[in-house]
Amino acid sequence: MEWDRGFKIERFELRHVPGALAVERLIFDPPWSEASFRESLQPRFRNWAVLRDEQLIGYLITQWLLGEVYIFNVGVAPDWQRQGIAAKLIGDLIAEAEAAGMREMLLEVRVSNEPALHLYRKYGFTQLLRRRKYYPNGEDAFVMHRRLGGTPEPSPDQKEE
C-alpha cells in the first residue's frame, strides 16, 4: 500500500530480514536476532515492512492467536523516527485487527521508552502490570493492553508480576 510522503507499507517477507536487522541493531540493545525475524515469518504472525525508495526503514512484528494480537516488535530507523511511521503502523494494525474480529492487543515496553509509551497511550493502550527486571540489562517492562471492537478498557491495575 502506498502511503503519502513516499512511504510504502507491505507485508514483511524473508527479503526484508537483512534491512530489519540493520535497523534493529541501531535502535535496540540487545537487538533481535536473524533467527527471531525468520521465526516471525510463520503463518501465525502478521508483519509489515515500511519502505522508502525500496529501503526498509521500519517494521511491525505481531502474532495473532485465539483472538489476541501480541505486538512483539516495532522498529523505525533513527533518521525516520518522529515522523508518524510507528503511529501509522499501530493505527492500521488496530483497524485490521478489529475488522478481523480480534478481541484484544498486548505488548511489553521498556519503562524508560517515553516515546513508545506516549504512542501506545495515544492509541488506547493501558498499563496492565510491571515486569521487574524483564530486559537483559535489568530494566523493567510495562505490559500494556488494549481491548478491540469498541469494548471500553477498565481502569488499569498497577499489579506486578
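The values are calculated or read from the model by the stated rules, or taken from the named source; none is laboratory data. No experiment lies behind these values; they were computed from the predicted model shown. As a convention, Cβ positions derive from the backbone with ideal geometry for all residues, glycine included, and neighbour counts pool all protein chains shown.
What to note about this one:
- Residue count, the range 124-147 (criterion: of a type in the set (A, V, I, L, M, F, W, C) and in contact with a helix residue (DSSP H, G or I) (Cβ under 8 Å, 6 or more places away or on another chain)): 2
- Test: residue in the range 111-121 that is charged (D, E, K, R), assigned to a strand (DSSP E or B) and farther than 19 Å from Arg147 by Cβ: no
- Subset of the range 29-43 that is assigned to a helix (DSSP H, G or I) and not polar (S, T, N, Q) - its residue that is farthest from Pro78 (Cα to Cα): Glu39
- Qualifying residues in the range 135-161 (those that are modelled with pLDDT of 90 or more and part of a strand (DSSP E or B)) - the one surrounded by the fewest Cβ atoms within 10 Å (Cβ to Cβ): Arg147
- Taking first residues from the range 91-116 that are within 13 Å of Trp64 (Cβ to Cβ) and partners that are assigned to a strand (DSSP E or B) and acidic (Asp, Glu), the Cβ contacts under 7 Å between residues at least 6 apart in sequence or on separate chains come to Met102/Glu68; Arg103/Glu68; Glu104/Glu68; Leu106/Glu68.
- A residue that is within 16 Å of Ala141 (Cβ to Cβ) and in contact with a Phe, Trp or Tyr (Cβ under 8 Å, 6 or more places away or on another chain) cannot be found anywhere in the range 81-102.
- In the range 1-34, the residue that is modelled with the lowest pLDDT out of those that are of a type in the set (D, E, K, R) and touching a strand residue (DSSP E or B) at 6+ places or on another chain (Cβ under 7 Å) is Glu2.
- The criterion of being outside any strand (DSSP E or B) and within 30 Å of Gly149 (Cα to Cα) does not hold for Leu21.
- Set Arg121, Arg132, Arg110: member being farther than 22 Å from Tyr59 by Cα and modelled with pLDDT of 95 or more: Arg132
- Residue within the range 70-82 that is in contact with a helix residue (DSSP H, G or I) (Cβ under 7 Å, 6 or more places away or on another chain), over 20 Å from Gly19 (Cα atoms), among the aliphatic types (A, V, I, L, M) and modelled with pLDDT of 95 or more present: no
- The set of residues in the range 26-45 that are over 20 Å from Tyr134 (Cα atoms) and touching a residue at least 40 places away in the same chain (Cβ under 8 Å) contains only Leu26.
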